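Let me begin by presenting the structure, written as structure tokens, before commenting on it.
The values are calculated or read from the model by the stated rules, or taken from the named source; none is laboratory data. Fair warning: this is a prediction, and the values are worked out from it, not measured in the lab. Methodologically, a virtual Cβ is constructed for each residue, glycine included, from the backbone with ideal geometry; neighbour enumeration extends over all protein chains shown. To get the accessible areas, we keep the full protein, side chains included, count just its heavy atoms, and leave off ligands, DNA and RNA. Shrake-Rupley method; radii C 1.70, N 1.55, O 1.52, S 1.80 Å.
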Amino acid sequence: MTKPVVFLVAAIVTLSVLVSAGPPLVAILDAAVPLVVAVGLVGAIVRLVWHYTSR
């Protein structure tokens with residue numbers, strides 16, 4: 001098989017895997033975004049408290 005044919009087959013396989021794994025990935029990201037925001041807010045609050053109480 002030539003390089004373009006191998007590339008085309010690999011691209012089709014990769015795209016089909018991404019399409020089939022799309023909905024679970026979206027569900028995981030929907031669950032992870034609020035967690036990341038909450039952890040970031042807690043980290044910012046802890047850092048502010050540390051800054052203002054260490055003087």
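At a 1.4 Å probe radius, carbon and sulfur cover how many percent of the accessible area of the chain? Mind showing how you got there, number by number?
Working: 4100 of 5000 Å².
Of the solvent-accessible surface of the chain, carbon and sulfur hold 82 percent.
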Each label sits 7 Å from Cα toward the beta-carbon; between residue 54 and residue 9 the label points are separated, in nm, by 5.8
So, with points 7 Å from each Cα along the Cβ direction, the residue 21-residue 44 label distance in nm works out to 3.2
Here, the chain modelled as identical Cα point scatterers in vacuum has Debye log10 I(q)/I(0) at q = 0.17, 0.22, 0.24, 0.32 Å⁻¹ of -0.70, -0.84, -0.89, -1.07
